[in-house]
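J.: Sharing a structure here in structure tokens format.
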Amino acid sequence: MAIRSSRRRSAAISVAAVAGLAAAGVGFAVGGASAGTVSGSLYRDPSSAVVRWVAANPGDSRAAVIRDKIASQPQARWYANFNPSTIQSEVSSFIGAANAAQQIPVLSVYEITNRDCGGASAGGAPDLNQYQTWVSNFARGLGNQTVLIILETDSLALQTCLSTGELNARNQALTTATQTIKSANPNAKVYLDGGHSTWNSANDTANRLRAAGVQYADGFFTNVSNFNPTSSEANFGRAVISALNGMGISGKRQVIDTSRNGGAAGDWCADDNTDRRIGQYPTTNTGDANIDAYLWVKPPGEADGCRYTAGSFQPDLAFSLANGAPNPPTTAPPTTNPPTTAPPTTAPPTTAPPTTAPPTTPPPAGNGCSAAVAINQWNGGFTASVNVTAGSAAINGWTVTVALPGGAAITGTWNAQASGTSGTVRFTNVGYNGQVGAGQTTNFGFQGTGTGQGATATCAA
């Protein structure tokens, strides 16, 4: 079908069901944020398509750029397969890993009947009754801690294929889905489809959101898979919020997909476009009270269905987006305490929270550094998160030595370069996280087979 530059279609169809793996990190909480209603660290999926590609292709000339600027970042996990019998366990596994890491997961639900109006990302539930069954099962896996839900990209902005009766039924389905998710997990943040700033008008978008039950949601998302500048999306979001306020619907906020809006021109379809770059790195610290988060909803490097299969990871697309883009910021220490609520009872038994807490020793004096490792162990494997903290003076480059228990072997690393895979392994910083301010912290991680419990880490600057 013809593709217009004024619209977008989501295309993340391929979703792998994975075991609960976690990249342990800083705490998360709702409330008390400097902007928006969400604060805390976003969850980086250690088994995403880009992470797997980097691990499998260490010698590829594109790997370092893709690793440092894309694979290192938190991105949304898409749920786009109609699998009502397994969706609860898949979601529970993913949520359990994020909760164990004390980080906020982002889930993109893409299952509405007649999605994409039969375009490159066609599919979804066979009918809306079965859609509600799928959503109910999905919601049962969400636990009770903070999650961000991107609910049905294109479902409101793209309606050209729907009759009046079908549109009314879709609006009711989205309203019910929102209520189902919020009922299952009151801490879930649900955002409905707001299209983007060069598609439908702000008033039209507000009317569509109202018809779909945004009064029960936390707000709306914009720019998913598109490349409009963040400033344009923020202005558009303010206009939508103002229109909603005029309808008596207040307190709604926006999230913006910045995964590929760091430079763009020409046709929408990024499969054939090489002038785009990744935009602002994912964060909940937006500095804007109307915006809860800048997210990478559309994983950079996943195709739109123009030249490649929709949802497939293509390293040339990822490299094009990342090459020449700014380096990501170093990881700052958390500004809020982790929540005191218990982990969800729906988490799988093999996904346990880390039992090895980082040591509480103070940072060293002078130009030294300290390293603290936390292990998330499951049957047959583990992930590790390592915090590197500078002493009373800034450091420029660091090396962390990790002593692994016998039988443990490293299979993947992020935010660091590893030398060795077992026994005593040396990790050195990558280009963007070697400089750490006095008393500040950066983070790297690795995953492996065997038992990681008992691993120790030392740091030299």
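The values are calculated or read from the model by the stated rules, or taken from the named source; none is laboratory data. Not measured: the values here are computed from a predicted model. Note: ideal-geometry Cβ built from the backbone for every residue, glycine included; neighbour counts use all protein chains shown.
J.: Checking the condition at pLDDT below 85 and on the phi > 0 side of the Ramachandran plot, which residue from Asn415, Asn433, Asn443 passes? Let's see the steps before the verdict.
T.: Values: Asn433 fails: on the phi > 0 side of the Ramachandran plot; Asn443 fails: on the phi > 0 side of the Ramachandran plot.
Every option except Asn415 fails the conditions.
J.: Restrict the check to the stretch 236-256 and report whether at least one residue is modelled with pLDDT under 95, out of contact with any Asp or Glu (no Cβ under 7 Å at 6 or more places or on another chain) and buried (at least 18 other Cβ atoms within 10 Å of the Cβ). Talk me through it step by step, then tell me what you get.
T.: Here is the first cut: in the stretch 236-256, the residues modelled with pLDDT under 95 are none.
Scanning the stretch 236-256 turns up no residue that is modelled with pLDDT under 95, out of contact with any Asp or Glu (no Cβ under 7 Å at 6 or more places or on another chain) and buried (at least 18 other Cβ atoms within 10 Å of the Cβ).
J.: Being closer than 16 Å to Ala76 by Cα and surrounded by 24 or more Cβ atoms within 10 Å (Cβ to Cβ) is the filter here; which residues of the stretch 305-321 pass it?
T.: Correct list: Ala318 only.
J.: Suppose we filter Tyr191, Tyr216 for residues that are in contact with a Phe, Trp or Tyr (Cβ under 7 Å, 6 or more places away or on another chain) and aromatic (Phe, Trp, Tyr); which single one remains?
T.: Numbers: Tyr216 fails: in contact with a Phe, Trp or Tyr (Cβ under 7 Å, 6 or more places away or on another chain).
When all the criteria are applied, what remains is Tyr191.
J.: Still on this structure, I have one more. Taking the stretch 411-430, which residues are in a strand (DSSP E or B) and of a type in the set (Gly, Ala, Ser)?
T.: Keep residues of the stretch 411-430 that are in a strand (DSSP E or B), which gives 411-414, 417-419, 424-428.
If the condition is that a residue be in a strand (DSSP E or B) and of a type in the set (Gly, Ala, Ser), then Gly412, Ala418, Ser419 are the ones that fit.
J.: Take the residues in the stretch 423-461 that are free of Cβ contacts under 8 Å to residues at least 60 places away in the same chain and of a type in the set (A, V, I, L, M, F, W, C), then tell me which one is nearest to Ala409 (Cα to Cα). Show your work before the answer.
T.: First, the residues of the stretch 423-461 that are free of Cβ contacts under 8 Å to residues at least 60 places away in the same chain: 423-429, 434, 437-438, 444.
Applying the additional criterion that residues be of a type in the set (A, V, I, L, M, F, W, C) yields 425, 427, 438, 444.
Working: Val425: 10, Phe427: 14, Ala438: 33, Phe444: 17 Å.
Top of the filtered list is Val425.
J.: I've got another one for you. Based on what the data block shows, is Ala169 assigned to a helix (DSSP H, G or I), aliphatic (A, V, I, L, M) and either over 18 Å from the mean Cα position of the chain (by Cα) or within 30 Å of Asn200 (Cα to Cα) (or both)?
T.: Working: assigned to a helix (DSSP H, G or I): yes; aliphatic (A, V, I, L, M): yes; either over 18 Å from the mean Cα position of the chain (by Cα) or within 30 Å of Asn200 (Cα to Cα) (or both): yes.
Spelling it out, Ala169 is indeed assigned to a helix (DSSP H, G or I), aliphatic (A, V, I, L, M) and either over 18 Å from the mean Cα position of the chain (by Cα) or within 30 Å of Asn200 (Cα to Cα) (or both).
J.: For the stretch 214-221, state whether one or more residues are out of contact with any Pro (no Cβ under 7 Å at 6 or more places or on another chain), more than 21 Å from Asn261 (Cα to Cα), assigned by TED's automatic domain parsing to the domain that holds Ser93 and in a loop (DSSP other than H, G, I, E, B).
T.: yes
Each row is one residue, and each column tells you yes or no for (1) over 26 Å from Glu152 (Cα atoms); (2) surrounded by fewer than 23 Cβ atoms within 10 Å (Cβ to Cβ); (3) at pLDDT 95 or above; (4) not aliphatic (A, V, I, L, M).
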residue: Ala24; (1), (2), (3), (4): yes, no, no, no
residue: Phe28; (1), (2), (3), (4): no, no, no, yes
residue: Ser39; (1), (2), (3), (4): no, no, no, yes
residue: Arg44; (1), (2), (3), (4): no, no, yes, yes
residue: Ser47; (1), (2), (3), (4): no, yes, no, yes
residue: Trp53; (1), (2), (3), (4): yes, yes, yes, yes
residue: Gly59; (1), (2), (3), (4): yes, yes, yes, yes
residue: Asp68; (1), (2), (3), (4): yes, yes, yes, yes
residue: Ala76; (1), (2), (3), (4): no, no, yes, no
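J.: Here's a check for you: in the stretch 286-312, which residue that is at pLDDT 90 or above and among the aromatic types (Phe, Trp, Tyr) is farthest from the chain's Cα centre (by Cα)?
T.: Applying the filter and picking the extreme gives Tyr294.
J.: Kindly indicate whether any position in the stretch 127-143 is within 30 Å of Thr383 (Cα to Cα) and basic (Lys, Arg).
T.: Yes, that holds for at least one residue.
J.: Take the stretch 98-123 and flag every residue that is under 18 Å from Ser85 (Cβ atoms), in contact with a Lys or Arg (Cβ under 9 Å, 6 or more places away or on another chain) and modelled with pLDDT of 95 or more. Spell out how you get there, then give the answer.
T.: Let us first name the residues in the stretch 98-123 that are under 18 Å from Ser85 (Cβ atoms), namely 109, 111, 123.
The next check asks that each one be in contact with a Lys or Arg (Cβ under 9 Å, 6 or more places away or on another chain); those that pass are 123.
Correct list: empty.
J.: Can you tell me which residue in the stretch 446-458 is farthest from Gly407 (Cα to Cα), limited to those that are at pLDDT 90 or above and assigned to a strand (DSSP E or B)?
T.: Selected residue: Thr458.
J.: Could you tell me how many of the residues in the stretch 171-204 are farther than 20 Å from Ala157 by Cα and among the small types (Gly, Ala, Ser)?
T.: 3
J.: Here is a follow-up. Could you give every pair whose Cβ atoms fall below 7 Å, whose first residue belongs to the stretch 231-250 and is more than 16 Å from Tyr191 (Cβ to Cβ), and whose second residue is of a type in the set (D, E, K, R) and crowded, with 16+ Cβ neighbours inside 10 Å, counting only separations of at least 6 or pairs across chains?
T.: Going by the 7 Å Cβ cut-off, the qualifying pairs are Met247/Arg210.
J.: Keeping to the stretch 115-168, report how many residues are among the small types (Gly, Ala, Ser), surrounded by fewer than 16 Cβ atoms within 10 Å (Cβ to Cβ) and either touching a helix residue (DSSP H, G or I) at 6+ places or on another chain (Cβ under 9 Å) or not assigned by TED's automatic domain parsing to the domain that holds Arg44 (or both). Show your work before the answer.
T.: At the first step, the residues of the stretch 115-168 found to be among the small types (Gly, Ala, Ser) are 118-125, 136, 139, 141, 143, 155, 157, 163, 165.
Then keep just the ones that are surrounded by fewer than 16 Cβ atoms within 10 Å (Cβ to Cβ); that gives 118, 122, 163, 165.
Those left that are additionally either touching a helix residue (DSSP H, G or I) at 6+ places or on another chain (Cβ under 9 Å) or not assigned by TED's automatic domain parsing to the domain that holds Arg44 (or both): 122.
Counting residues in the stretch 115-168 that are among the small types (Gly, Ala, Ser), surrounded by fewer than 16 Cβ atoms within 10 Å (Cβ to Cβ) and either touching a helix residue (DSSP H, G or I) at 6+ places or on another chain (Cβ under 9 Å) or not assigned by TED's automatic domain parsing to the domain that holds Arg44 (or both) gives 1.
J.: Next up: Limited to the stretch 372-404, what total is found for residues that are crowded, with 22+ Cβ neighbours inside 10 Å and in a loop (DSSP other than H, G, I, E, B)?
T.: Qualifying residue count, the stretch 372-404: 2.
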